[in-house]
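Q: Here's a structure for you.
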Amino acid sequence: MPFPATNPPLARALAERNYEHPTPVQLAVLADEAVDRDLLVSAQTGSGKTVAYGLAIATNLLDGAERFERAAAPLALIVAPTRELALQVQRELAWLYQHANARVVSCVGGMDPRREQRELEAGAHIVVGTPGRLCDHLRRGRLDISELKAVVLDEADEMLNLGFREDMEFILETTPETRRTLLFSATFPRGIVALAKQYQDDAFRIEVEGDEGGHADIEYRAIRIAPGDAEHAVVNVLRFYESPSAIVFCNTREAVRHLQAALLERGFSVVALSGELTQNERTTALQSLRDGRSRVCVATDVAARGIDLANLDLVIHAELPNDPEVMQHRSGRTGRAGRKGVSVLLVPPARRRRAETLLNLAGIEAVWGVAPQAEEIRKLDQERMLHDQVFTEETTAEDLALAQALLAERSPEDIAAALARLYRARLPSPEDILDAVEDRGRARPERGRDAVARGGRDTVARGEDRAPAPRTKGGKPSRHGMGEPSVWFRAAIGRRKKAEARWLLPMICRRGGIDKQDIGAIKISDTTTEFEIAARVADAFAANIRRPDKEDTIRIEPLAAVPTEPAASEPRPDKRPPRRDAEPRQRAEESAYHPLHRDEPRRDKEAPLRSRPHRDAPSKSGHAQPFTKKKQHGDKSSRGGQAFPSHSPRSKAPGGKKPKTKRRG
């Protein structure tokens with residue numbers, strides 16, 4: 001279906017850009033029932049909505065004329081959530097209205113506000129900006145909105161998510177009530193509906209969805225990966241699809257920096273986009289993607305808003321998004337304007353249920369599978385080489401002369417082998433992918449308290465994630481058999497460096513790419529930790545621990561044999577004296593001469609305190625005798641002033657003499 005009749009200068013611009021058939025959202029906003037009405041439109045990113053509202057407000061801005069008069073106060077205000085999206089909208093409207101002599105000005109954060117002020121003073125027909133910067137110009141009186149005829153809120157749901165509600169309300173309350181308000185949103189959450197009811201007048205609601213919930217041009221794939229193998233999976237997915245442009249999403253700036261460095265190290269042409277970049281750095285990065293100098297962009301959700309790359313055919317979710325709306329916005333970077341795209345979710349075992357929930361809430365059916373293996377990628381490389389444009393380009397006389405010279409010196413096989421090496425040298429090498437470990441439903445073993453082995457070694461049951469239990473009286477080890485063949489490994493960290501099972505267990509899982517169910521006993525000694533790994537994953541575990549780790553430098557190595565219990569002559573070092581030495585020392589101190597109780601009879605430590613005569617007085621200073629308890633029961637110097645009577649006969653000193661007592665005078 002061709003475009004409906006529109007303003008001749010705009011129709012000319014569309015024809016120059018080969019816009020022959022309108023998208024569903026463009027048809028909907030140009031329908032007769034939508035003309036001159038406030039619009040509440042639900043359309044996914046990449047559906048052509050920028051051109052849609054550009055055409056929709058043309059009748060209000062031009063008012064029957066073919067071209068604008070000299071620019072003065074703005075006639076339209078377009079509000080976008082991010083700088084990239086605002087600048088993209090400015091470029092789109094600039095070419096759409098170029099033959100109508102429109103002047104389109106941008107006001108976005110990160111740019112020089114004084115330059116924007118000069119451009120506004122020079123006049124503009126359409127102003128495109130971010131909420132914060134537009135509010136700043138409005139409060140300072142730099143933006144004249146007295147002639148405003150239309151206000152467009154693009155991706156309003158994202159502006160709400162970013163905390164721009166007050167700025168949006170300020171803009172809508174400040175602008176003239178006679179304006180036309182167009183609100184575009186990928187979804188209709190409660191906040192958007194409330195905003196429409198408050199600031200729109202009898203809005204015409206449009207919901208545009210494809211056959212697959214607005215994602216008819218996007219193929220969703222969910223790839224199961226082993227824990228900690230996301231980086232290698234990203235490499236192989238990029239190599240498998242070989243998209244002219246691709247974007248990889250992470251949840252944090254730190255993850256963006258790490259993944260960008262890893263891809264650069266492997267030979268990818270990659271740029272990063274995150275909130276910590278300056279506007280000039282962001283512009284440079286995006287330009288390198290547009291002109292083909294960079295092929296991969298690693299970005300956070302917010303930083304990637306508004307990215308519109310013509311050849312972006314692949315989106316990779318290296319980390320799962322937090323909600324389905326974010327997943328839709330991420331995936332909407334591809335499959336735009338009728339192009340096909342692929343959105344790949346990397347799903348470790350612990351996030352399988354979360355991924356299924358996101359897909360169900362978004363109404364998307366994904367194809368589940370595993371990451372491409374290195375052998376598959378090498379076969380594809382061979383097929384791509386045979387169809388490379390180097391074989392289809394026209395051959396010049398200079399090329400033929402060089403070819404004849406090569407054939408004179410080398411055999412055809414040598415020349416072909418050299419060409420293959422040159423072709424592979426420019427490609428990043430694929431990675432060996434671990435098998436995705438599925439939850440086998442194995443029952444979690446009981447958590448026992450007897451988890452400490454003889455000789456100062458703490459033993460934790462398989463799957464345990466708590467700290468080791470206290471030493472039992474017997475000190476006997478707890479035997480937790482794997483129930484299957486196992487291999488032992490040793491980590492170069494022990495009790496002296498505060499090693500505990502509660503953080504060793506997740507570290508082992510992360511370093512080796514395994515689950516808790518694959519770990520048997522963990523024995524922590526003074527300087528090392530020995531642990532048991534199921535034999536079926538031992539080879540993959542040994543390969544993983546050889547890789548550098550960004551979080552720790554603990555050395556892990558396999559053991560040649562099952563560790564034996566330590567000899568009895570190697571007791572656990574303890575700064576405190578053993579209990580069995582306490583009694584002789586205590587008796588020696590009791591029997592030693594002391595000037596404060598030299599006339600007291602000798603008593604056994606085990607004797608009850610009540611057998612002590614109530615007339616045995618302590619020192620004048622009130623100090624209690626050593627190794628005694630409840631001194632107040634027989635202590636006449638206590639502040640209470642009264643001694644408690646004894647229920648046992650008065651003990652006598654050796655020789656039959658009564659002990660001397662000191663009476664109050």
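Q: Anything in segment 152-189 that is under 21 Å from Ile126 (Cα atoms) and hydroxyl-bearing (Ser, Thr, Tyr)? List them, or say none.
A: Scanning segment 152-189 gives Thr174, Thr175, Thr178, Thr181, Ser185.
Q: Among the numbered criteria (1) at negative phi; (2) in contact (Cβ under 8 Å) with a residue 40 or more places away in the chain, which one does Leu277 miss?
A: Every condition holds for Leu277 apart from (2).
Q: Could you list all residues from segment 321-335 that are crowded, with 19+ Cβ neighbours inside 10 Å and in a loop (DSSP other than H, G, I, E, B)?
A: The answer is Pro321, Gly332, Arg333, Thr334, Gly335.
Q: Next question, about the same structure. Name the residues in segment 349-381 that are aliphatic (A, V, I, L, M) and part of a helix (DSSP H, G or I), would you?
A: Quick first cut of segment 349-381, residues aliphatic (A, V, I, L, M) only: 350, 355, 358-359, 361-362, 364, 366-367, 370-371, 374, 377, 380.
Ala350, Ala355, Leu358, Leu359, Leu361, Ala362, Ala374, Ile377, Leu380, listed by residue number.
Q: Could you please give the count of residues in segment 512-548 that are among the charged types (D, E, K, R), under 27 Å from the mean Cα position of the chain (by Cα) and surrounded by fewer than 20 Cβ atoms within 10 Å (Cβ to Cβ)? Let's see the steps before the verdict.
A: Filtering segment 512-548 for residues among the charged types (D, E, K, R) gives 515-516, 518, 523, 526, 530, 532, 536, 539, 546-547.
From the residues that got through so far, the ones that are under 27 Å from the mean Cα position of the chain (by Cα) too are 515-516, 518, 546-547.
Among the residues that remain, those that are also surrounded by fewer than 20 Cβ atoms within 10 Å (Cβ to Cβ) are: 516, 546-547.
Within segment 512-548, residues that are among the charged types (D, E, K, R), under 27 Å from the mean Cα position of the chain (by Cα) and surrounded by fewer than 20 Cβ atoms within 10 Å (Cβ to Cβ) number 3.
Q: Now for a separate question. It is to be established whether one or more residues within segment 558-571 are in contact with a Phe, Trp or Tyr (Cβ under 8 Å, 6 or more places away or on another chain), modelled with pLDDT of 50 or more, outside any strand (DSSP E or B) and crowded, with 16+ Cβ neighbours inside 10 Å. Walk me through how you get there before you give the answer.
A: Looking only at segment 558-571, we keep the residues that are in contact with a Phe, Trp or Tyr (Cβ under 8 Å, 6 or more places away or on another chain), and these are 558-559, 561-563.
Okay, now just the ones that are also modelled with pLDDT of 50 or more, so 558-559, 561-563.
Next, only the ones that are outside any strand (DSSP E or B) stay: 559, 561-563.
Next, from what is left, pick out any that are crowded, with 16+ Cβ neighbours inside 10 Å: 563.
Yes, some residue in segment 558-571 is in contact with a Phe, Trp or Tyr (Cβ under 8 Å, 6 or more places away or on another chain), modelled with pLDDT of 50 or more, outside any strand (DSSP E or B) and crowded, with 16+ Cβ neighbours inside 10 Å.
Q: Still on this structure: Going by the structure shown, is Leu39 touching a Gly at 6+ places or on another chain (Cβ under 9 Å) and modelled with pLDDT of 90 or more? Working first, answer last.
A: On the way: touching a Gly at 6+ places or on another chain (Cβ under 9 Å): no; modelled with pLDDT of 90 or more: yes.
Considered against the rule, which asks whether it is touching a Gly at 6+ places or on another chain (Cβ under 9 Å) and modelled with pLDDT of 90 or more, Leu39 comes out as no.
Q: Those residues that are in a loop (DSSP other than H, G, I, E, B), over 30 Å from Thr59 (Cβ atoms) and of a type outside the set (A, V, I, L, M, F, W, C), I need them from segment 110-140; list them, please. Quick ask: steps written out before the conclusion?
A: The first filter runs over segment 110-140 and keeps only residues in a loop (DSSP other than H, G, I, E, B), leaving 110-112, 123-125, 130, 140.
Those still in the list that are over 30 Å from Thr59 (Cβ atoms) too: 110-112, 140.
The answer is Gly110, Asp112, Arg140.
Q: Could you check how many residues of segment 336-348 are in contact with a His (Cβ under 7 Å, 6 or more places away or on another chain) and in a loop (DSSP other than H, G, I, E, B)?
A: Number of matching residues: 0.
Q: Which of the residues that make up segment 384-401 are in a loop (DSSP other than H, G, I, E, B), under 19 Å from Glu242 (Cα atoms) and without any contact (Cβ under 8 Å) to a residue 12 or more places away in the chain?
A: Of the residues in segment 384-401, the ones in a loop (DSSP other than H, G, I, E, B) are 387-388, 392-396.
Among the residues that remain, those that are also under 19 Å from Glu242 (Cα atoms) are: 387-388.
Selection gives His387 alone.
Q: Step by step: first the residues of segment 51-88, then only those that are touching a Gly at 6+ places or on another chain (Cβ under 9 Å) and in a loop (DSSP other than H, G, I, E, B), then the one that is farthest from Thr283 (Cα to Cα). Which residue is that?
A: My answer is Arg70.
Q: Still on this model: Return yes or no: is Glu219 within 30 Å of Ile545 (Cβ to Cβ) and of a type in the set (Asp, Glu)?
A: Working: within 30 Å of Ile545 (Cβ to Cβ): no; of a type in the set (Asp, Glu): yes.
Spelling it out, it is not the case that Glu219 is within 30 Å of Ile545 (Cβ to Cβ) and of a type in the set (Asp, Glu).
Q: Among all residue pairs at least 6 apart or on different chains, which show Cβ distances below 6 Å where the first residue, located in segment 198-209, is farther than 18 Å from Leu30 by Cα and the second is modelled with pLDDT of 85 or more and surrounded by 15 or more Cβ atoms within 10 Å (Cβ to Cβ)?
A: Listed pairs, sorted by first residue: Tyr199/Leu172; Gln200/Asp38; Gln200/Thr181; Asp201/Asp38.
Q: Scan segment 47-58 and tell me whether some residue there is over 42 Å from the mean Cα position of the chain (by Cα), at pLDDT 90 or above, farther than 28 Å from Thr187 by Cα and of a type outside the set (Ser, Thr, Tyr).
A: To start, the set of residues in segment 47-58 that are over 42 Å from the mean Cα position of the chain (by Cα) comprises 58.
Still in the list and also at pLDDT 90 or above: 58.
From the residues that got through so far, the ones that are farther than 28 Å from Thr187 by Cα too are none.
No - not one qualifying residue is present in segment 47-58.
Q: So, of the residues in segment 1-30 that are surrounded by 19 or more Cβ atoms within 10 Å (Cβ to Cβ) and of a type in the set (Gly, Ala, Ser), which turns out to be farthest from the chain's Cα centre (by Cα)?
A: Top of the filtered list is Ala13.
Q: I've got another one for you. Could you list all residues from segment 274-306 that are closer than 25 Å to Pro372 by Cβ, assigned to a loop (DSSP other than H, G, I, E, B) and under 23 Å from the mean Cα position of the chain (by Cα)?
A: If we filter segment 274-306 for residues that are closer than 25 Å to Pro372 by Cβ, which is where we start, we get 289, 292, 294-299, 304.
The next check asks that each one be assigned to a loop (DSSP other than H, G, I, E, B); those that pass are 292, 294-295, 304.
Passing the criteria: Arg295, Ala304.
Q: Just need a number here: residues in segment 235-257 that are surrounded by fewer than 15 Cβ atoms within 10 Å (Cβ to Cβ) and within 18 Å of the chain's Cα centre (by Cα).
A: Step one: list which residues in segment 235-257 are surrounded by fewer than 15 Cβ atoms within 10 Å (Cβ to Cβ), which gives 244, 252, 254.
Among the residues that remain, those that are also within 18 Å of the chain's Cα centre (by Cα) are: 252, 254.
Matching residues across segment 235-257 total 2.
Q: A follow-up question, please. Out of the residues in segment 498-523 that are in contact with a Ser or Thr (Cβ under 8 Å, 6 or more places away or on another chain) and part of a strand (DSSP E or B), state the one that is farthest from Ala436 (Cα to Cα). Walk me through how you get there before you give the answer.
A: Of all residues in segment 498-523, those in contact with a Ser or Thr (Cβ under 8 Å, 6 or more places away or on another chain) come to 499, 504, 520-523.
Applying the additional criterion that residues be part of a strand (DSSP E or B) yields 520-523.
Working: Gly520: 20, Ala521: 23, Ile522: 24, Lys523: 28 Å.
Checking each candidate, the answer is Lys523.
The values are calculated or read from the model by the stated rules, or taken from the named source; none is laboratory data. Computed from a predicted model, the values in this text were never measured in an experiment. Here Cβ is always computed from backbone atoms with ideal geometry, including for glycine, and neighbour counts include all displayed protein chains.
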